[in-house]
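Take a look at the structure set out below.
Nothing in this text is a laboratory measurement; each read-out follows from the coordinates by a stated rule. Every value quoted in this text rests on a predicted model; they were computed, and no experiment measured them. Cβ: placed from backbone, ideal geometry, glycine included. Neighbour counts: every protein chain shown.
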Amino acid sequence: MTTTPWFDPGVRPVHVGVYRRRWPGGPFTCWDGEAWRADAATPEAAAAHEAPSRVQDARWQGLAEAPAVLCLTCRGHTVIDRGVDEETGADLISECPDC
């Protein structure tokens with residue numbers, strides 16, 4: 001995959017998703033639209049983190065083209081499973097709002 005050039009820390013990504021970052025961040029982290037999430041060793045681990053990164057200012061790069069990756073909300077399942085309603089016994093499954 002083709003990557004973008006490295007962006008300065010003051011430039012923020014346009015899209016929510018996982019990016020590569022240079023030290024002191026990274027090597028991977030997820031941009032949630034407002035802040036960088038906790039740094040991780042793999043893109044999959046970065047996508048799973050929800051806590052903010054201690055390092056919000058580090059150079060970063062993304063992909064120059066959209067990847068064929070799984071949705072960060074449903075992880076490619078296209079539905080969200082919230083278990084079973086205790087009162088009715090109904091499955092609490094809904095379509096993913098982000099797919």
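Taking the conditions (1) touching a residue at least 12 places away in the same chain (Cβ under 8 Å); (2) charged (D, E, K, R); (3) loosely packed, with under 13 Cβ neighbours inside 10 Å in turn, Arg37 satisfies each one other than (3). The residue of the stretch 16-34 that is surrounded by the fewest Cβ atoms within 10 Å (Cβ to Cβ), among those that are among the charged types (D, E, K, R) and part of a loop (DSSP other than H, G, I, E, B), is Glu34.
Pro13 fulfils the conditions (1) outside any strand (DSSP E or B); (2) of a type outside the set (A, V, I, L, M); (3) in contact (Cβ under 8 Å) with a residue 40 or more places away in the chain; (4) crowded, with 19+ Cβ neighbours inside 10 Å except for a single criterion, (4).
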